[in-house]
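Read-outs: derived from the displayed coordinates by stated rules, not from any lab. Nothing here was measured: the structure is a model prediction, and the numbers come from that model. Don't worry about glycine lacking a Cβ; one is built from the backbone with ideal geometry, like all the others, and counts go over all protein chains shown.
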Amino acid sequence: MTERSPGETHPVLVTLAPILDKTGGRLVAPENATDDDIPVVWEGETLACVRFGQPEPDPLGGLEKILEEVAVELGGPLTGLPRADKQRAVRLLEERGAFTFRKSAETVAAALGVTRFTVYNYLNRERA
């Protein structure tokens, strides 16, 4: 939250702060609001307005983030893992929704240093 409004110490605004930080939003003073901003109203008073920026285009952003998290959790680059850990990585990726992304099997296979067929085998083994 880069821009501060005078009443930003209000408990409602303090409560919103971590949510806005996580979602890329920020508070703006009501007098600086635009039509796209969302007013935060408490007991009839506009305390501030919430402004969200445009998300950066990143077609694999969500999947890349999940891959990074799993790599950190398993202690290093996914390509260097032994087979059992690669199977565990696929299980963790599935639990976190990695395979809901378009062309995810190809992306996961490249990250693991295996073929797409191997990724499908690991998935089928987990589902059986």
For segment 11-52: span of alpha carbons on each principal axis (Å, largest first)
25, 22, 11
Taking the C-alpha atoms of the chain, how large are the radius of gyration and the largest Cα-Cα span, Dmax, in Å?
21.3, 60
What are the principal axis extents of the Cα atoms in segment 59-125, in Å, biggest first?
29, 24, 19
Longest span of the chain, sites excluded, free of GluC sites (Glu not before Pro) in DSSP loop with at most 13 other C-beta atoms within 10 Å?
44-128
Find me the longest stretch of the chain that has none of the exposed trypsin sites (Lys or Arg not before Pro), where exposed means in a DSSP loop (not H, G, I, E or B) with at most 12 other Cβ atoms within 10 Å.
1-101
